[in-house]
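Visitor: Structure below; questions to follow.
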Amino acid sequence: MVATRMPLASYKFSISCALLLALCMPGMVHAEVIARKSISYFDIMGSTADELDAALNQRGPLAMGSSSHHPGATRIRFGGSATYSEADGRCYISGVKVTVDTEIILPRWRDRRHANKQLSVIWDTLAADIRRHENRHVEIARQHAREMERQILSLPSAKDCDALQEKANEVTARETERHDADQARFDRIEAINFQNRLQRLLYYRSRQNSRQ
């Protein structure tokens, strides 16, 4: 039903990274990555394949910069802070905190009781694949948050804290661009393999159900 027309899940991305100056003696560097995830749902109705397909296209979340609706999405927001210390005429990184907040948006089918078993199997297969896809977006974001932390921590000292803050900003901007590219690459690969993947999953799930 939806295999040839279902748009792949997408993501939204924005960044707000505040770099704060703290004047203190250099010592132990403190670093952490805080990752938070939430899940929300949008309801769809329908008792046929065409009705479900139409409902997803009408009620699914909008991708950033697009008017098309998607069956699922992940909103991603990076944030954080860096602290600096001065000693002997040099400025050092004394702490880094990177946060990544993700919200997965998934469909919830409200008319399941009116549908036949075959449609239920198709829906369960599709819903599981959407969830897997969006969870992978979350993991990609967390990987880049950890990499952002690592790169800022490894920055060498600078002649003043303004210069070091500029270097940290450059790391943040560069890593966000890499994150964006990795997310887009993942979506392209998933889109190419979508139909074959869904057919394979449907076959596997059908065999499992037949053994029960």
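The values are calculated or read from the model by the stated rules, or taken from the named source; none is laboratory data. Quantities reported herein were computed from a predicted structural model and do not represent experimental measurements. Cβ coordinates were reconstructed from backbone atoms using ideal geometry, including for glycine residues, and neighbour counts include every protein chain displayed.
Visitor: Residues 143, 165: which one is touching a helix residue (DSSP H, G or I) at 6+ places or on another chain (Cβ under 9 Å) and not hydroxyl-bearing (Ser, Thr, Tyr)? If you could, list the steps in order and put the result at the bottom.
Guide: Numbers: 165 fails: touching a helix residue (DSSP H, G or I) at 6+ places or on another chain (Cβ under 9 Å).
The conditions single out 143.
Visitor: Test of understanding: among 163, 145, which residue is touching a strand residue (DSSP E or B) at 6+ places or on another chain (Cβ under 8 Å), in a helix (DSSP H, G or I) and modelled with pLDDT of 95 or more?
Guide: After applying the criteria, what remains is 145.
Visitor: Exactly one of (1) at pLDDT 85 or above; (2) closer than 28 Å to residue 176 by Cα; (3) of a type in the set (S, T, N, Q); (4) more than 19 Å from the chain's Cα centre (by Cα) is unmet by residue 57. Its number?
Guide: (2)
Visitor: Next question. Criterion first (at negative phi, charged (D, E, K, R) and modelled with pLDDT of 95 or more) does residue 139 satisfy it?
Guide: So residue 139 fits the description; yes.
Visitor: Further, regarding this structure: Among the listed residues 137, 114, which satisfies the condition of being touching a residue at least 60 places away in the same chain (Cβ under 8 Å) and within 21 Å of residue 195 (Cβ to Cβ)?
Guide: Just one listed residue meets the conditions, 137.
Matching residues to (1) of a type outside the set (Lys, Arg); (2) within 15 Å of residue 42 (Cβ to Cβ):
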position	(1), (2)
70	yes, yes
77	no, no
84	yes, no
87	yes, no
92	yes, no
98	yes, no
104	yes, yes
107	yes, yes
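Visitor: Another question about this same structure. Which one is farthest from residue 75 (Cα to Cα), of the residues in region 17-43 that are at pLDDT 95 or above and of a type in the set (Gly, Ala, Ser)?
Guide: If we take residues in region 17-43 being at pLDDT 95 or above and of a type in the set (Gly, Ala, Ser), then 35 is farthest from residue 75 (Cα to Cα).
Visitor: Test residue 94 against the criterion of being under 19 Å from the mean Cα position of the chain (by Cα), farther than 21 Å from residue 179 by Cβ and modelled with pLDDT of 90 or more, and give yes or no. Steps first, please.
Guide: Details: under 19 Å from the mean Cα position of the chain (by Cα): no; farther than 21 Å from residue 179 by Cβ: yes; modelled with pLDDT of 90 or more: yes.
Here the answer is no, as residue 94 does not meet what is asked.
Visitor: So which residues in region 128-182 are under 17 Å from the mean Cα position of the chain (by Cα) and hydrophobic (A, V, I, L, M, F, W, C), if there are any at all?
Guide: Within region 128-182, 128, 130, 138, 140, 141, 145, 148, 181 qualify.
Visitor: Also, I was wondering about something else. With the requirement that a residue be small (Gly, Ala, Ser) and in contact with a His (Cβ under 9 Å, 6 or more places away or on another chain), what does region 64-111 give you?
Guide: Quick first cut of region 64-111, residues small (Gly, Ala, Ser) only: 65-68, 72-73, 79-82, 85, 87, 89, 94-95.
Answer for region 64-111, where residues must be small (Gly, Ala, Ser) and in contact with a His (Cβ under 9 Å, 6 or more places away or on another chain): 72, 73, 94, 95.
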